[in-house]
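The values are calculated or read from the model by the stated rules, or taken from the named source; none is laboratory data. Predicted, not measured: the structure shown is a model, and the values here were computed from it. Here the Cβ positions follow ideal geometry from the backbone for every residue, glycine too, while neighbour counts run over all protein chains shown.
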Amino acid sequence: MYKAHRYFGTIPENMIALSNELGLPLIKLPYGLSFSKIMSRLMEELSDKFDSLNKESLDIHTQFFNISLHGGGLQQISLTLAKLCKSSVLLLDRNWALLHWTNNPDRPHQLADWISLEKNEIPFSEEFIQSFPPEFEKLQKPIVRLFSIDENKQEFQCTVLSVYFQSKHYGFIVLWEPSDKLNEHSYIALENGAMAFSLERIRNDEVERARNRIRRDLFDELLLGKITSKETLSNLADLHGINLDLNYTAIVFPIVFLEHRKEKDLVLRNQLENVTMKQLLNYFDHLATETKESEIIFSRKKHIIVLVGSKTNMKVTYLKKYAEFILKKVESAIPTISATASIGKTVTHISQINESFHQAQETMRLSENSLSTKENKIAHFDDFIVQYFLVNNIKKEEMNHYFQQTLGILFQYDRKNQSELIETLESLITYRFNIAESARALFIHRSTLLYRMEKIESILEIDLKDAEEVLKLQLALKIYQLLDLKNMSR
């Protein structure tokens, strides 16, 4: 704005050039109209606009505050956002899995026409997710991306906001194809919706944590054999949906985190491991729907514990196949972890589950030093009955003395000549002296194996066809594994 003939006669050329460059108009004020009157009027307009915006902002804040206060949940948050932003809304967890959605009533097509809306499943493609910048979750600013559906050659505009408060990521809010361009009103709604979403996630986490704590306390007491009252057990079983008429078997799945152990920050590593354990529990629950057994699933430190219930006494071979099915599915679905399975005995009532759990723990401990189970990731307590008897009834000194009396000379020969006669003997016994299978397992020729057998018989001065001699050698090999003599000799 300028006043002609007051400050200058004609408009300077440089002012006209700058006005054209910036695309701004030059407004000539009539004579007698003061700048103060114009500025006063402009400030009134701006003030009215800001007052209106502040009022709208307060109204929106009140709506979401009431949702949080009265426990409206994700459904009400999603519905309110859809109305205020005139858009379909998807609420996702931190892994992009669907929590809830609401369709835009102004759109003829529903979300289900274009994407999968299975809860706890990821509705977007990997390409779409990877299109966001690194550490996008910490940005706290909405980003617009086009989601392509190749088969229909269509693109949909998605405004994505990461919900991140106080150094914790709670998930994402996605506005799918808004009817109108997002304005200040929409962004205020999005910001308040994000706050309500994070509060709801915190509330759900705390409720789940409290529920799990009560449930975990019950199972801790069961696994320790502390619940002896039938009435107490019956009441707790009704509360947690436990069938008391089934036989139960404890299976322990120790979890190794392949990726998280590289993280040097212990706090962050612990957080990542907790998230992965939660994923694992959810996946185990999902797998439970694919089996005919009744499973009770919970976690304890870095272990997933499954109490398998059945009307009949399950055989060891069946339990191993069941564990194998679980391991294959889990490691395929979550490749960042590795797991094994240790199985206890089947008990006739859940009040005795502490006995099965104790055996599963012993199986896990004994399998750590077993050469045969390092390749096989599944072990049952019956596989270690001899080792268990030795560990609990015979001192290490006595076991070592027995080993030296039976296989000591062969052990010393291997050390001196860097040969593998003890491993050869173990393979022969494992494969019941089947020459072809033993040679294949050792990756040697048949004639080489026959030569080694003669060498073993010569050094030990025994006949490998003698059943009594073989029994003594089997016991010595169990001690060899238990005392981990192979590694001690290195």
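Conditions tested, residue by residue: (1) assigned by TED's automatic domain parsing to the domain that holds Gly171; (2) of a type in the set (Gly, Ala, Ser); (3) assigned to a loop (DSSP other than H, G, I, E, B).
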{"residue": "Lys83", "(1), (2), (3)": "yes, no, no"}
{"residue": "Val89", "(1), (2), (3)": "yes, no, no"}
{"residue": "Leu99", "(1), (2), (3)": "yes, no, no"}
{"residue": "His109", "(1), (2), (3)": "yes, no, yes"}
{"residue": "Ala112", "(1), (2), (3)": "yes, yes, no"}
**Message:** Considering only segment 274-288, I want to know if a residue exists there that is touching a His at 6+ places or on another chain (Cβ under 8 Å) and either outside any loop (DSSP other than H, G, I, E, B) or more than 29 Å from Asp205 (Cβ to Cβ) (or both).
**Reply:** yes
**Prompt:** Which of (1) assigned to a helix (DSSP H, G or I); (2) surrounded by fewer than 18 Cβ atoms within 10 Å (Cβ to Cβ) is the odd one out, the single condition Ser338 does not satisfy?
**Reply:** (1)
**Asked** Going by the conditions given, is Ala379 free of Cβ contacts under 8 Å to residues at least 60 places away in the same chain, part of a strand (DSSP E or B) and either under 45 Å from the mean Cα position of the chain (by Cα) or over 13 Å from Gln481 (Cβ atoms) (or both)?
**Response** yes
**Complete:** Restricted to segment 77-102 and to residues being within 29 Å of Glu135 (Cα to Cα) and without any contact (Cβ under 8 Å) to a residue 24 or more places away in the chain, the residue surrounded by the fewest Cβ atoms within 10 Å (Cβ to Cβ) is Leu79
**Request:** Return yes or no: is Ala476 outside any helix (DSSP H, G or I) and either touching a residue at least 60 places away in the same chain (Cβ under 8 Å) or within 29 Å of Ser356 (Cβ to Cβ) (or both)?
**Result:** no
**Prompt:** If we keep just the residues of segment 412-452 that are of a type in the set (Phe, Trp, Tyr) and under 45 Å from the mean Cα position of the chain (by Cα), which is modelled with the lowest pLDDT?
**Reply:** Tyr431
**Asked** Could you say whether any residue in segment 432-442 is closer than 30 Å to Gln359 by Cα, loosely packed, with under 14 Cβ neighbours inside 10 Å and not assigned by TED's automatic domain parsing to the domain that holds Ser367?
**Response** yes
**Asked** more than 27 Å from the chain's Cα centre (by Cα) and of a type outside the set (Val, Ile, Thr): does that describe Leu84?
**Response** yes
**Message:** Exactly one of these conditions fails for Val256: (1) in contact with a strand residue (DSSP E or B) (Cβ under 6 Å, 6 or more places away or on another chain); (2) hydrophobic (A, V, I, L, M, F, W, C); (3) within 28 Å of Tyr170 (Cα to Cα); (4) not assigned by TED's automatic domain parsing to the domain that holds Ile343. Give me its number.
**Reply:** (4)
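Yes or no, residue by residue, for (1) free of Cβ contacts under 8 Å to residues at least 24 places away in the same chain; (2) surrounded by fewer than 19 Cβ atoms within 10 Å (Cβ to Cβ):
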residue: Val267; (1), (2): yes, yes
residue: Asp285; (1), (2): yes, yes
residue: Glu293; (1), (2): no, yes
residue: Arg300; (1), (2): no, yes
residue: Ile304; (1), (2): no, no
residue: Ser310; (1), (2): no, yes
residue: Lys321; (1), (2): yes, yes
residue: Glu324; (1), (2): no, yes
residue: Lys329; (1), (2): no, yes
**Request:** Could you name every one of the strands (runs of 3 or more DSSP E) located completely within segment 119-176 that has at least 1 residues being within 20 Å of the chain's Cα centre (by Cα) and either not assigned by TED's automatic domain parsing to the domain that holds Ala196 or not polar (S, T, N, Q) (or both)?
**Result:** 154-165, 168-176
**Item:** Residue satisfying condition, being outside the structural domain of Glu368 (by TED's automatic domain parsing) and either hydroxyl-bearing (Ser, Thr, Tyr) or part of a helix (DSSP H, G or I) (or both), within set Leu471, Leu464
**Value:** Leu471
**Request:** Among the residues of segment 435-469, count how many are over 15 Å from Leu421 (Cα atoms) and either in contact (Cβ under 8 Å) with a residue 24 or more places away in the chain or of a type in the set (Gly, Ala, Ser) (or both).
**Result:** 2
**Message:** So for segment 388-399 (the condition being under 28 Å from Ser342 (Cα atoms), in contact (Cβ under 8 Å) with a residue 24 or more places away in the chain and among the β-branched types (Val, Ile, Thr)), does at least one residue qualify?
**Reply:** yes
**Prompt:** Mind checking which residues of segment 210-225 are free of Cβ contacts under 8 Å to residues at least 24 places away in the same chain and within 19 Å of Val306 (Cα to Cα)?
**Reply:** Arg211, Arg213, Ile214, Asp217, Leu218, Glu221
